[in-house]
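The values are calculated or read from the model by the stated rules, or taken from the named source; none is laboratory data. Being a predicted model, the structure only gives us computed values, none of them experimental. Ideal geometry is used to build each Cβ from the backbone, glycine not excepted, and the neighbour counts take in all protein chains shown. For accessibility, only protein heavy atoms count, side chains too; no ligands or nucleic acids. Shrake-Rupley method; radii C 1.70, N 1.55, O 1.52, S 1.80 Å.
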Amino acid sequence: MNAPRHAIATVFDPVFLQHVAPISHPERPDRLAAVVQHLQETGLWERLKFLPARPATFEELRAAHDPLYVERTVDRLSLRRTGYLDMGDTFFSPGTKDAALAAAGGSVDVSLAVWRGEVPSGVALVRPPGHHADRDTAMGFCVFNNAAIAAHALLAAGARKVAILDFDVHHGNGTQDIFYGDPRVLYLSMHQSPLYPGTGASEEIGDGDGLGCTANLPLAPYCDDVDWLAGLERLLLPLVRAFSPEILLVSGGFDAHHLDTISTQQVTDAGYAAIAQRIVASADAVCAGKVVMLLEGGYHLEGLAAGVASFLRQLESRSDDPVLKPSVEARHTTLASINAALTRLLSFWPDFANRGPADQLGRHEPRPGDDYFL
Ligand SMILES: [Zn+2]
């Protein structure tokens, strides 16, 4: 009620609505328009602290992407035509160049502002999304990988450790690819499997110097709030704590919503509020609350708008009270998937192994039946 509200640095620009598919497409300007309208109607909008969405520089783009890919893509978008960058998923229109460059540049600036302590937290309300774009390929509606470009900018500015937590219903193959051998960036994803793009098995844990710095939790179709919270509380957030990043970037996709037809997941509005609460509380405990949410997917307009609003409310209120404490256990396939990931990752994270994962966040006591922990 009278709790202090924490300012949220925000990137939004009407240019993001100028990226338009040639034919009907789920990744449409209406998505972001619905988010803005909902934030305005709920009064959240007027409390946001807006940063300009300036275009990313070539240097910033080339930190995450192959230089030839950057050059070819920018040249192609500069023609201001309409078409596809891949086999029919990733469209472009005359406004795409400005939108894609501003999405990446805005993601960089909001992340740097939070990392430098200029503002407690941030959110990038951008299009096109980014997490499927890998080092040299546009795919899955994504042109440039906003989260990866932001993470590289943080490293270039002096950050030593950055974590990226991706709760979009699809695996962020692009972000994983870009940091697969990089121990400075922890990439964590929970996603439906099987589903596009087909990557993100629990066996994928990084390679070379980056071994143990990628974690994947594939979830079976029809998983619900309980499963998503179990994955967060028992695997992803304890790993964030063990890694101890200086800032947490969140690839925020809201397409596991039960009304979103792009997946068969069953996450409710309350579930997304709980996911946001757990993530923000974890960032408070681990990295002085420095968290930036970068918009990825989410194709049911009301579900997307409500999810983004929930995240912003958690960033503002920083509530310790767990929203939605499940009274039932996650399904067997989810627990098995958590254990499969833990089996491969624990040797890299001794700090994780010293504690029960349920009490890592200090949010609730371990319960009888918490025997999922190996
Ligand atoms: Zn998605």
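Taking residue 142 and the conditions (1) within 13 Å of the ligand (Cβ to nearest atom); (2) closer than 30 Å to residue 117 by Cα; (3) of a type in the set (A, V, I, L, M, F, W, C); (4) open to solvent by 10 Å² or more (accessible area, probe 1.4 Å), which numbered condition does it fall short on, given that it satisfies the others? Single failed check for residue 142: (4). Output yes when any residue across the stretch 244-253 is within 17 Å of the chain's Cα centre (by Cα), more than 18 Å from residue 205 (Cβ to Cβ), away from the ligand (no atom under 16 Å from the Cβ) and surrounded by fewer than 24 Cβ atoms within 10 Å (Cβ to Cβ), and no when none is. Checked the stretch 244-253: at least one residue is within 17 Å of the chain's Cα centre (by Cα), more than 18 Å from residue 205 (Cβ to Cβ), away from the ligand (no atom under 16 Å from the Cβ) and surrounded by fewer than 24 Cβ atoms within 10 Å (Cβ to Cβ).
With the structure loaded, tell me whether residue 130 is touching a Cys at 6+ places or on another chain (Cβ under 9 Å), modelled with pLDDT of 95 or more and in a loop (DSSP other than H, G, I, E, B) or whether it fails that test. It is true that residue 130 is touching a Cys at 6+ places or on another chain (Cβ under 9 Å), modelled with pLDDT of 95 or more and in a loop (DSSP other than H, G, I, E, B).
Quick check on this structure: which one of 316, 302 is under 21 Å from the mean Cα position of the chain (by Cα), open to solvent by 30 Å² or more (accessible area, probe 1.4 Å) and not small (Gly, Ala, Ser)? Break it down stepwise before answering.
Values: 316 fails: open to solvent by 30 Å² or more (accessible area, probe 1.4 Å).
Of the residues listed, the single one that is under 21 Å from the mean Cα position of the chain (by Cα), open to solvent by 30 Å² or more (accessible area, probe 1.4 Å) and not small (Gly, Ala, Ser) is 302.
For the stretch 79-102, does any single residue satisfy the condition of being part of a strand (DSSP E or B), over 17 Å from residue 133 (Cβ atoms) and either open to solvent by less than 40 Å² (accessible area, probe 1.4 Å) or without any contact (Cβ under 8 Å) to a residue 12 or more places away in the chain (or both)? No, the conditions are met nowhere in the stretch 79-102. One residue stands out among those in the stretch 178-221 that are of a type in the set (Ser, Thr, Tyr) and farther than 20 Å from residue 304 by Cβ: the one that is surrounded by the most Cβ atoms within 10 Å (Cβ to Cβ), which is 187. Residues in the stretch 306-353 that are farther than 16 Å from residue 235 by Cβ and polar (S, T, N, Q) were compared, and the one that is modelled with the lowest pLDDT is 319. When residue 43 is tested against (1) touching a helix residue (DSSP H, G or I) at 6+ places or on another chain (Cβ under 8 Å); (2) open to solvent by less than 20 Å² (accessible area, probe 1.4 Å), just one condition goes unmet, and that condition is (1).
Condition test on residue 113, is it at pLDDT 95 or above, under 18 Å from residue 291 (Cα atoms), assigned to a loop (DSSP other than H, G, I, E, B) and away from the ligand (no atom under 16 Å from the Cβ)? For residue 113, the condition - at pLDDT 95 or above, under 18 Å from residue 291 (Cα atoms), assigned to a loop (DSSP other than H, G, I, E, B) and away from the ligand (no atom under 16 Å from the Cβ) - is not met. Only residues in the stretch 313-329 that are within 25 Å of residue 9 (Cβ to Cβ) count as the first member; pair them with residues that are among the acidic types (Asp, Glu) and part of a loop (DSSP other than H, G, I, E, B), Cβ under 8 angstrom, at least 6 apart or cross-chain, and list the lot. From the stretch 313-329, no pairs qualify. Which of the numbered conditions does residue 57 fail, given that it passes all the others? Conditions: (1) open to solvent by 10 Å² or more (accessible area, probe 1.4 Å); (2) within 16 Å of the ligand (Cβ to nearest atom). Among (1) open to solvent by 10 Å² or more (accessible area, probe 1.4 Å); (2) within 16 Å of the ligand (Cβ to nearest atom), residue 57 violates only (2).
Scanning the stretch 291-309 finds no residues that are more than 16 Å from the ligand (Cβ to nearest atom) and part of a loop (DSSP other than H, G, I, E, B). Does residue 202 qualify as being within 16 Å of the ligand (Cβ to nearest atom), of a type outside the set (A, V, I, L, M) and in contact (Cβ under 8 Å) with a residue 12 or more places away in the chain? Spelling it out, it is not the case that residue 202 is within 16 Å of the ligand (Cβ to nearest atom), of a type outside the set (A, V, I, L, M) and in contact (Cβ under 8 Å) with a residue 12 or more places away in the chain.
When you go through 279, 275 one by one, which is the residue that is in a helix (DSSP H, G or I), surrounded by 24 or more Cβ atoms within 10 Å (Cβ to Cβ) and within 16 Å of the ligand (Cβ to nearest atom)? Outline the logic, then answer.
Working: 279 fails: within 16 Å of the ligand (Cβ to nearest atom).
The unique qualifying residue is 275.
Summed over the stretch 156-177, the residues that are open to solvent by less than 10 Å² (accessible area, probe 1.4 Å) and more than 16 Å from the ligand (Cβ to nearest atom) give a count of 3. Picking from residues in the stretch 116-132 that are over 24 Å from residue 71 (Cα atoms) and buried (at least 24 other Cβ atoms within 10 Å of the Cβ), the one that is farthest from the ligand (Cβ to nearest atom) is 121.
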